[in-house]
Amino acid sequence: MIGLFVILALATQNPPTASGWTWALYADAEPVVLAHEIPDSASLRTTLECDPGTSVARLTLYGGTAISGMARVVSGEASAVAETSPGRPGATRLALRTDHPVFAAFTVDGRMTIVFGDQRRPVEIPPPHLAKLRRFAELCAG
């Protein structure tokens, strides 16, 4: 009976989606990284990175066309404007302060939208993974 409980507890710690995508927190090295990925592969959808204690999260969105310019970042009732730049091919990068109300709102419900002109790129962290997002914000805080 205890063995079954342990297996169920481990299975729900980092539940992957049906397609293998999951959110993983890498906090044992610098930079700290929260990645939406297929583990043990090069497949990434989104990464949040920070150097501990800086209060700055670097968000990279993979897939689609890389965008340069200003974007509006929205989470809950909060919004911010951030400058975007292209990352590696097909990736868009921007930075957000983890102590800004938009990031605080993001840690509450795990939903944030990046708006570039008429394009919208949602970032969604499901409830089972919100503790990882909150730990990421805690490690990044200055």
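The values are calculated or read from the model by the stated rules, or taken from the named source; none is laboratory data. What you are looking at is a predicted structure, and each value in this text was computed from that prediction instead of being measured. Every residue, glycine among them, receives a Cβ derived from its backbone with ideal geometry; neighbour counts consider all protein chains shown. Side chains included, ligands, DNA and RNA excluded: accessible areas come from the protein's heavy atoms. Shrake-Rupley method; radii C 1.70, N 1.55, O 1.52, S 1.80 Å.
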Quiz item: Is it true that ALA78 is at pLDDT 95 or above, farther than 20 Å from ALA24 by Cα, out of contact with any strand residue (DSSP E or B) (no Cβ under 9 Å at 6 or more places or on another chain) and among the hydrophobic types (A, V, I, L, M, F, W, C)?
Solution: yes
Quiz item: Taking the stated definitions as given, is VAL81 open to solvent by 20 Å² or more (accessible area, probe 1.4 Å), of a type in the set (A, V, I, L, M, F, W, C) and touching a helix residue (DSSP H, G or I) at 6+ places or on another chain (Cβ under 8 Å)?
Solution: no
Quiz prompt | Tally of residues being crowded, with 19+ Cβ neighbours inside 10 Å, under 12 Å from GLN119 (Cβ atoms) and under 17 Å from the mean Cα position of the chain (by Cα) across region 60-78 | solution = 2
Quiz item: Of these, VAL102, VAL123, which one is of a type in the set (A, V, I, L, M) and more than 22 Å from TRP21 (Cβ to Cβ)?
Solution: VAL102
Self-check item: Cross-chain or 6+ apart pairs with Cβ under 7 Å, region 127-140 first and of a type in the set (D, E, K, R), then surrounded by 20 or more Cβ atoms within 10 Å (Cβ to Cβ) and at pLDDT 95 or above
Solution: LYS132/TRP23; LYS132/LEU34
